[in-house]
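The values are calculated or read from the model by the stated rules, or taken from the named source; none is laboratory data. Owing to the predicted nature of the structure, the values given are computational and were not obtained by experimental measurement. Positions of Cβ are backbone-derived with ideal geometry, glycine not excepted, and every protein chain shown enters the neighbour counts. Remember, those area values only see protein heavy atoms, side chains included, never the ligands or the DNA or RNA. Shrake-Rupley method; radii C 1.70, N 1.55, O 1.52, S 1.80 Å.
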Amino acid sequence: MRAFIIIYISFVVTQVCAQNKQLLYNVDDLPQTLLSNPGAAISFEKHIGIPLLSGFSVSAGSSGISTYDIFQEGGDINTRIRDAIFRLDNKDSFVVNQQLELASFGWKSKFTENYYSAGLYQETDVIAYFPKDIAVLAYEGNANFLDVPFQFSDIAVAAEVISVYHFGVNKEISKKLRVGGRAKLYMSIANINSTNNQGFFITRETPEGPNFLQHQVQDASVTANTSGLRSFIDEDAGPGKAVGRAILSNNVGVGFDVGATYTIDDHWTATASVIDVGAIFHTKDLKNYRVSGSYATNGIELEFPDVLNGEDLNDYWQNLQDEFEENLPYEDSLQNSYTTWRPTKFNASINRGFGANLNGDCDCTNSGVDRYATNVGAQLYAIKRPRGFQGAATLYVDRTWTRFLRTKMTYTYDAFSNRNIGLLLSTKINKFNVYLAADNILDYSNLAKAQSASIQFGFQLIFDPE
Amino acid sequence: MKYYLLYVRFVALITSFFICTSCVSDVDFDQAQDVVISPTVDASLIFFTLDTSDFETVDTQEVIITARDTTRLEFLDDDFIRENLKEVTLDFQVDNTFGQSLVNRASFLNGGGQEQFVVFFEITSSTDGSVQRTEFTQVLSEEDIQAISNSRILANEVILTTNGAPINGELSLQSKVLYSLEFSDL
């Protein structure tokens, strides 16, 4: 339990737009930019990722508070926990996202000038909103909250482990417009989803009623859907099963990405993309848990049966239990199919190029589009989550120093942090590229004070035009 | 080859920078041992209404008439509650129009029917048929808490002492329990 508290608080209290890859967006010589904008203006002709190493990213965080806020040395930890419970609200969230590219490759068609890219990556995505009302009830009890409803809708958790097969096309429509699209086939390895809960628990004072208090559960509908877990829990399946599902799962989904880059003039470009418009259909290896209904009790009403005249004794306790179970049935053996929507992401940017044109005065390999050594710009990002959109705005400076080294520095502002500085280093010897990116680097000196952290790196072969 | 080694060194240097400069400090995770959760729970107990019919007796000479009923309250001896119970307060409220002398006796019994703890209080009688309210609160001592924690049955008696006058009226009792719990060493 103690370990759970430390881990939970460490994450819950460490935010986040966990899938925001602001450092890789618009970096035109990295293939990973195609995963955040399939219509990106790219500068390479072919790429092959080192299997399992071509792209790895992990990010975690939570809104509201940091690990330091709870576990700082000195003072009373219980006061800090209580303050945190009352300061956080049900829109505060804990988010973890991890992606691992298992295979990645792409090539430019000799015939159509289109760039085709494909691959397979594994992704873990977890979001748990802070269950404010439930936390207050558990921490404080109901005595100081009479006539206050505790909403079950505060419980919202979604977690998934998936693998994604993808194939994308990046096409130049004109000298000013480049568009791209990517088809995705999702393989669900495991999924937990409990996001549409309703109802409330309340203890009412009833001065006109038969007893001091009435305890009510009203219109409860609390459901947790799972897929891919039953075989592990009930049938003790091994890790081989998960690997098998990553390759071919019974619970599949489809989706797509679209994006575009528009060249406004010699120096200005604008981009936009929508990523992961899709859904996964869970039909196999299912287990659903549900509590639903309404129930109210004032306590146990004694009826004083006239036993001497043959009346039976009442088993009030058993009656209470029966009524409760009848009115609020708990079902744990359901196997209902369900659908989950992927967290769709939206990106947009405006970019201004300066300095030397990396394509030379006359670029004949990239349709004459200028590539500047120095770029500055702004990016907007939003992700659709169960309780609405989470967004972020980024300013950046992107500099290609030599053919060997490119850097991008970002400042990102979101609802959770106003001091998020990120840095990307991308280096290349011949065709071998390594990139490393991290944000919130100001907090690396003490991660306990960070509300979010992310790191991305990859190794791959990138082939530039001759 | 020379450039390749230089390159590897450069990447290693940058990676090391991130790893070496990242740390977690000024925090003490051992404080998790000090975490105490102390909710207070207000829960309904029993309630009932008695009228003249509940005190009817064939023996007109009987001086004391008792109305009695019992119920299991299995949450009382729940291990989870017993181990973390710090304070218990019992609240009763009785509205009465009987003119006789009345007392309420709530006995908490263990599974074998042995009495562990008793709450006993007098109910204000009504001289003119108007509703007389009696409020009674009992804060349990540590010893009482131990006793009530061993209980799982509540037997409630309303004891009426006749006074020669006709037994007419109505009596309604309400009750609740306030638990103060404390969970530590989580």
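Some observations on this one:
- Tally, over the range B:158-175, of residues that are surrounded by 18 or more Cβ atoms within 10 Å (Cβ to Cβ) and under 25 Å from A:Thr206 (Cβ atoms): 6
- Here the condition is being away from chain A (no Cβ under 14 Å) and at pLDDT 95 or above; of B:Phe117, B:Phe136, B:Phe121, it holds for B:Phe121 alone.
- Filtering A:Gly310, A:Gly259 for residues that are at pLDDT below 95 and more than 14 Å from chain B (Cβ to nearest Cβ) leaves a single hit, A:Gly310.
- For beta carbons closer than 7 Å, sequence separation of 6+ or different chains, a first residue in the range A:418-447 that is at negative phi and more than 10 Å from chain B (Cβ to nearest Cβ) and a second that is part of a strand (DSSP E or B) and among the charged types (D, E, K, R), the qualifying pairs are A:Asn420/A:Asp439; A:Gly422/A:Asp439; A:Leu424/A:Lys408; A:Ser426/A:Arg406; A:Leu442/A:Arg419.
Per-residue answers, yes or no, for (1) surrounded by fewer than 17 Cβ atoms within 10 Å (Cβ to Cβ); (2) within 14 Å of another protein chain (Cβ to nearest Cβ):
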position: A:Glu101; (1), (2): no, no
position: A:Glu113; (1), (2): yes, no
position: A:Val136; (1), (2): no, yes
position: A:Gly141; (1), (2): no, yes
position: A:Glu160; (1), (2): no, no
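- Residues in the range A:152-177 that are basic (Lys, Arg) and either closer than 30 Å to A:Phe200 by Cα or not in a loop (DSSP other than H, G, I, E, B) (or both): 1 in all.
- The range B:56-102, subset more than 29 Å from the chain's Cα centre (by Cα) and within 10 Å of chain A (Cβ to nearest Cβ), residue least open to solvent (accessible area, probe 1.4 Å): B:Thr57
- Strands (runs of 3 or more DSSP E) within the range B:65-151 that include 1 or more residues small (Gly, Ala, Ser): B:101-109
- Filtered by the rule that a residue be assigned to a strand (DSSP E or B) and of a type in the set (Asp, Glu), the range B:31-60 gives B:Asp42, B:Asp51.
- Candidates A:Asn20, A:Asn26, filtered to the one that is modelled with pLDDT of 85 or more and either within 22 Å of the chain's Cα centre (by Cα) or β-branched (Val, Ile, Thr) (or both): A:Asn26
- Members of the range A:448-466 found to be open to solvent by less than 40 Å² (accessible area, probe 1.4 Å) and either within 11 Å of chain B (Cβ to nearest Cβ) or acidic (Asp, Glu) (or both), listed by number: A:Ala448, A:Ala450, A:Ala453
- Among the candidates A:Asp89, A:Asp125, residue that is more than 18 Å from A:Ile455 (Cα to Cα) and of a type in the set (Asp, Glu): A:Asp89
- Whichever residue in the range B:44-55 is crowded, with 18+ Cβ neighbours inside 10 Å and facing chain A (nearest Cβ under 8 Å) and, among such residues, is farthest from A:Gly75 (Cα to Cα): B:Asp54
- Selected residue (criterion: surrounded by the fewest Cβ atoms within 10 Å (Cβ to Cβ)) from residues of the range A:272-296 that are among the polar types (S, T, N, Q) and in contact with a helix residue (DSSP H, G or I) (Cβ under 7 Å, 6 or more places away or on another chain): A:Ser294
- Scanning the range A:184-221 for residues that are within 22 Å of the chain's Cα centre (by Cα) and either under 22 Å from A:Phe145 (Cα atoms) or not hydroxyl-bearing (Ser, Thr, Tyr) (or both) yields a count of 10.
- Flag for A:Ile85 being open to solvent by 10 Å² or more (accessible area, probe 1.4 Å), at pLDDT 90 or above, of a type outside the set (S, T, N, Q) and closer than 26 Å to A:Thr195 by Cβ: yes
- Qualifying residue in the range B:122-132 (condition: of a type outside the set (Asp, Glu), open to solvent by 60 Å² or more (accessible area, probe 1.4 Å) and closer than 21 Å to B:Val177 by Cβ): no
- Scanning the range A:194-212 for residues that are crowded, with 22+ Cβ neighbours inside 10 Å and either in a strand (DSSP E or B) or among the basic types (Lys, Arg) (or both) yields a single hit, A:Thr203.
- Looking only at the range B:139-155, and only at residues there that are surrounded by 16 or more Cβ atoms within 10 Å (Cβ to Cβ) and closer than 20 Å to B:Asp42 by Cβ, the one that is farthest from the other protein chains (Cβ to nearest Cβ): B:Asp144
- Number of the condition not met by A:Tyr381 [criteria: (1) open to solvent by 40 Å² or more (accessible area, probe 1.4 Å); (2) within 25 Å of the chain's Cα centre (by Cα)]: (1)
- Search result, residues across the range A:168-180 that are surrounded by fewer than 17 Cβ atoms within 10 Å (Cβ to Cβ) and either among the charged types (D, E, K, R) or within 22 Å of the chain's Cα centre (by Cα) (or both): A:Lys175, A:Lys176
- Selection from the range A:297-336 of residues that are open to solvent by less than 50 Å² (accessible area, probe 1.4 Å), assigned to a helix (DSSP H, G or I) and over 20 Å from B:Val158 (Cα atoms): A:Trp317, A:Leu320
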